[in-house]
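*Asks:* Sharing a structure with you now.
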Amino acid sequence: MRRGIAATALVAALALAATACGGDTKDGGNSGAKADGELSGTVTWWDTSNDAEKASFQKIAEAFTAKHPKVTVKYVNVPYGDAQNKVKNAFSSGSEAPDVIRADVGWVADFASLGYLAEVPADTAKKVDADFLPQAAASGKFEGKTYAVPQVIDTMGLFYNKKMLADAGVEPPKTLEEVKTAAAAIKAKTGKAGLYLRGDDSYWFLPLIYGEGGDLVDAKTKTVTVDNAAGVKAFKTARDLVTSGAAITNATDGWANMQTAFKSGEAAMMINGPWAVADSYAGDQFKDKANLGIAPVPAGSVKAGAPQGGHDLAVYAGSKNIAAANAFVDYMTSQEVQVQSAKELSLLPTRTAAYEQPEVKASEMVQFFKPAVDKAVERAWIPENGSLFAPLQVEYTKAITGASSPEDAAKAAGVEFRKILKGWK
Amino acid sequence: MAAHTSQSVAKAAGGETGPDTGPAARGRSRRTDNRNRPGLKRALATHWYAWAMITPVVLVLGVIIGWPLVRGVYLSLTDATERNVSRTIGANHIEATYEFIGLDNYADVLADPVFLQRLVWTVLWTVACVSITFALGLGLATVLNREFRGRSAYRMALILPWAVPGFVSVFAWRFLFNRDNGILNKILEGGGISAVPWLDDPTWAKIAVISVNVWLGVPFMMVALLGGMQSIPGELYEAAEMDGATPWQRFRHITLPGLRTVSMTVILLSTIWTFNMFPVIFLLTRGGPGDSTEILVTQAFREAFVSSPRDFAVSATWGVLILLLLTMFALVYRRSLRKQGEVW
């Protein structure tokens, strides 16, 4: 009889599971605009900001309810590293998908080309063209249509510990050669490392390749350029920084290790962007905020160059509440909100007029990064943009850990890039 | 009534599981085949209860395993990507435009040196993990099989890694392995030994992933082998002791043969699990540094989910190849067991 009972129990369990699945329907609150034009329902926002920033963004997002009392904002923080994948999973399956996402500028063309994003309303698109920094606006477009509104813009700079550099008697370095001399002086004086070079994220490779006058790809001529002479030189430079002892690095947990090393004074310099400012201020070394210095990224043998990055807000094409989602995006990219995040988190606004505001003018970090952004290298806004970093990551780590030579790493990256960019030279 | 029902179910179950239940069942099912329709009809009439019972299971397995499998094999013969499959997202409706391309994907994957590299490391990883896990599990089981004070406390402690969710353990290990701030290196540095780049050096990273997987796998091995040991009759040991056999001789000639059935099963299971052990590799090193710890399944994941547009066809191809490899392994393994006289 025992088997009979087990089978019955199984059938019962299955029936229960089936009903449980069936009961999991949407709350029905996503009704969108009511007849009287008042917005209602729920807007789910997936934010990718880091631990130091997220509390501030959650507060800002939830304040949307003050303007639209019938709209509930559901704030979800998705760690940046996993976000691209999670967003794609949610968008392609449609279940539990967010209404609004904070997309890295490199993802917008990709998501738009796959049909995941709703076009922004015509009046918003006009506003984006008129009021926003042109290089930020460019990232939200795909094939002439606007799919995303720029929220923040950024680039990278050399973060340094003023006290440590002064103790070692060196000036903030302007070139990677000077970084090496400075690092030697710092090591001799304090025993600490000069530079932390992030090794587990190939975005940090971009300043090195721009510094040699190279780039990952040339979209105009449809050419892969990561494996040309400049690319090889960039891999060599990365390897050299580590082997010469000028830089320390890790192949895993790079973000946490970099921030820990810099905040605790284990490393005197790092290359990073405005998104790291709020977190750096939380460290022991920067209790006195004035100790944090920022300089342009060190130049390679050709020039100094840092990538232009940032984040855009985009609405999911399958959202049941597009009207409210659009209103939320408008609010989150409004001048007041941008000024607030500039003040609290030192993030750079995307609206031209925001830079005239006293709070923004008062932020030393913003004042430093704004001219840097103006000169930053704009990436090719192609759908494959975000995909290039995964294979580049593999080769970049191999090169800096010595698992493969700079030449082989550049060559292998080129092979992988051409697999992704079918038909490119 | 109760007796009657239970008997018919037992019989039916024996008939269903076929070759696995040994010669008797095999003989009978063969007879049923020879009688064709009337036999089938009679079998249905006698065992309708059993058929009714297994229908939900068959249906569920068909839906959750059979259909995806068929679909996966089909996708591997096409050029489907995220861009050309049909999808409806809000107002956007996109028609499917992918095509049947035969075995091209298989040719491409097998011609790529990456496949061979991953296969070599996957086999190495599986063999290393399974043999170390088995050896440690056997050793611990032998120790715990004796009577001593606090035995159950030790048993509980050793089963603990199994009770902790896998990803929690892996993340804990990741903290321990952290080169700059991890406890392991702090201890080494305290002892005057220079820090080990656990996850930053290809060789150390391989050692690290193997040791974490062994740590996760030992409890299962130990429990299974301990169970096997306890089913060996004590009289055998008594008799051997009377004959003056040394402990080593008793272990070799009683314990090991007695554990044979259990160990064959756990080795097979453990091999399949380790071969496809996605979380340990993915969460600990993400296949890195570079791609040095990437095994076949994590590579398949990379193909499908990391680059854009997601390449469903190539990923399915990897999946089918992995399935074929494991099926081949299981067949060879079973055949070699049968040669040794195991009824399995």
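The values are calculated or read from the model by the stated rules, or taken from the named source; none is laboratory data. In this text the structure is predicted, and so the values were computed from the model without any measurement. Every residue, glycine among them, receives a Cβ derived from its backbone with ideal geometry; neighbour counts consider all protein chains shown. With ligands, DNA and RNA removed, areas are computed over all heavy atoms of the protein, side chains included. Shrake-Rupley method; radii C 1.70, N 1.55, O 1.52, S 1.80 Å.
*Asks:* Go through the stretch A:220-231 residue by residue and tally those that are part of a loop (DSSP other than H, G, I, E, B) and open to solvent by less than 40 Å² (accessible area, probe 1.4 Å).
*Replies:* 2
*Asks:* Output the residues belonging to the stretch A:161-183 that are open to solvent by 20 Å² or more (accessible area, probe 1.4 Å) and either acidic (Asp, Glu) or closer than 25 Å to residue A:378 by Cα (or both).
*Replies:* Of everything in the stretch A:161-183, those that are open to solvent by 20 Å² or more (accessible area, probe 1.4 Å) and either acidic (Asp, Glu) or closer than 25 Å to residue A:378 by Cα (or both) turn out to be A:167, A:171, A:174, A:175, A:177, A:178.
*Asks:* Can you name every residue in the stretch B:45-100 that is exposed (fewer than 13 other Cβ atoms within 10 Å of the Cβ) and part of a loop (DSSP other than H, G, I, E, B)?
*Replies:* B:86, B:91, B:95, B:96, B:97, B:99
*Asks:* Same structure, new question: Would you tally the residues in the stretch B:269-280 being under 17 Å from residue B:115 (Cα atoms) and either at the interface with chain A (Cβ under 10 Å from one of its Cβ atoms) or assigned to a helix (DSSP H, G or I) (or both)?
*Replies:* So the count comes out to 2.
*Asks:* If residue A:152 satisfies all but one of (1) without any contact (Cβ under 8 Å) to a residue 24 or more places away in the chain; (2) closer than 25 Å to residue A:346 by Cβ, what's the number of the condition it fails?
*Replies:* Exception for residue A:152: condition (1).
*Asks:* Just one of A:363, A:387 is hydroxyl-bearing (Ser, Thr, Tyr) and within 18 Å of the chain's Cα centre (by Cα); which is it?
*Replies:* A:387
*Asks:* All but one of (1) open to solvent by less than 50 Å² (accessible area, probe 1.4 Å); (2) in contact with a strand residue (DSSP E or B) (Cβ under 9 Å, 6 or more places away or on another chain); (3) within 18 Å of residue A:325 (Cβ to Cβ) hold for residue A:49, so report the exception by its number.
*Replies:* Residue A:49 satisfies all of (1) open to solvent by less than 50 Å² (accessible area, probe 1.4 Å); (2) in contact with a strand residue (DSSP E or B) (Cβ under 9 Å, 6 or more places away or on another chain); (3) within 18 Å of residue A:325 (Cβ to Cβ) except (3).
*Asks:* Can you tell me which residue is surrounded by the fewest Cβ atoms within 10 Å (Cβ to Cβ) among those in the stretch B:304-327 that are touching a residue at least 12 places away in the same chain (Cβ under 8 Å) and part of a loop (DSSP other than H, G, I, E, B)?
*Replies:* B:309
*Asks:* Let me ask something else about it. Regarding the stretch A:272-287, can at least one residue be identified that is part of a strand (DSSP E or B) and surrounded by 21 or more Cβ atoms within 10 Å (Cβ to Cβ)?
*Replies:* Scanning the stretch A:272-287 turns up at least one residue that is part of a strand (DSSP E or B) and surrounded by 21 or more Cβ atoms within 10 Å (Cβ to Cβ).
*Asks:* Looking at A:120, A:71, A:100, A:76, can you tell me which residue is touching a Phe, Trp or Tyr at 6+ places or on another chain (Cβ under 8 Å), surrounded by fewer than 17 Cβ atoms within 10 Å (Cβ to Cβ) and closer than 23 Å to residue A:39 by Cα?
*Replies:* Only one candidate passes the filter, namely A:76.
*Asks:* What about residue A:302, is it closer than 26 Å to residue A:215 by Cα, outside any strand (DSSP E or B) and modelled with pLDDT of 90 or more?
*Replies:* Spelling it out, residue A:302 is indeed closer than 26 Å to residue A:215 by Cα, outside any strand (DSSP E or B) and modelled with pLDDT of 90 or more.
*Asks:* Continuing with the same structure: When only residues in the stretch A:204-253 that are of a type in the set (Asp, Glu) and away from every other protein chain (no Cβ under 14 Å) count, which is nearest to residue A:270 (Cα to Cα)?
*Replies:* Taking the candidates together, the pick is A:240.
*Asks:* Restricted to the stretch B:76-89, and to residues that are under 13 Å from residue B:310 (Cα atoms) and of a type in the set (A, V, I, L, M, F, W, C), which residue is nearest to the other protein chains (Cβ to nearest Cβ)?
*Replies:* So, considering only residues that are under 13 Å from residue B:310 (Cα atoms) and of a type in the set (A, V, I, L, M, F, W, C), the one nearest to the other protein chains (Cβ to nearest Cβ) is B:85.
*Asks:* Restricting to helices (runs of 4 or more DSSP H) lying wholly in the stretch A:307-425: which have 3 or more residues that are surrounded by fewer than 21 Cβ atoms within 10 Å (Cβ to Cβ) and within 14 Å of chain B (Cβ to nearest Cβ)?
*Replies:* A:406-420
*Asks:* Would you mention how many residues in the stretch B:107-130 are closer than 18 Å to residue A:419 by Cα and surrounded by fewer than 16 Cβ atoms within 10 Å (Cβ to Cβ)?
*Replies:* 7
*Asks:* Restricting to the stretch A:249-259, count the residues that are open to solvent by 10 Å² or more (accessible area, probe 1.4 Å) and in contact (Cβ under 8 Å) with a residue 12 or more places away in the chain.
*Replies:* Qualifying residue count, the stretch A:249-259: 5.
*Asks:* Another question, if that's okay. Only one of B:161, B:197, B:233 is over 26 Å from the mean Cα position of the chain (by Cα) and touching a residue at least 12 places away in the same chain (Cβ under 8 Å); which?
*Replies:* B:197
*Asks:* Continuing with this model, one more query. So, in the stretch B:287-318, how many residues would count as being away from every other protein chain (no Cβ under 13 Å) and either among the polar types (S, T, N, Q) or within 25 Å of residue A:421 (Cβ to Cβ) (or both)?
*Replies:* 6
*Asks:* Within the stretch A:40-147, which strands (runs of 3 or more DSSP E) (wholly inside it) include 2 or more residues that are more than 28 Å from residue B:306 (Cα to Cα)?
*Replies:* A:41-47, A:71-77
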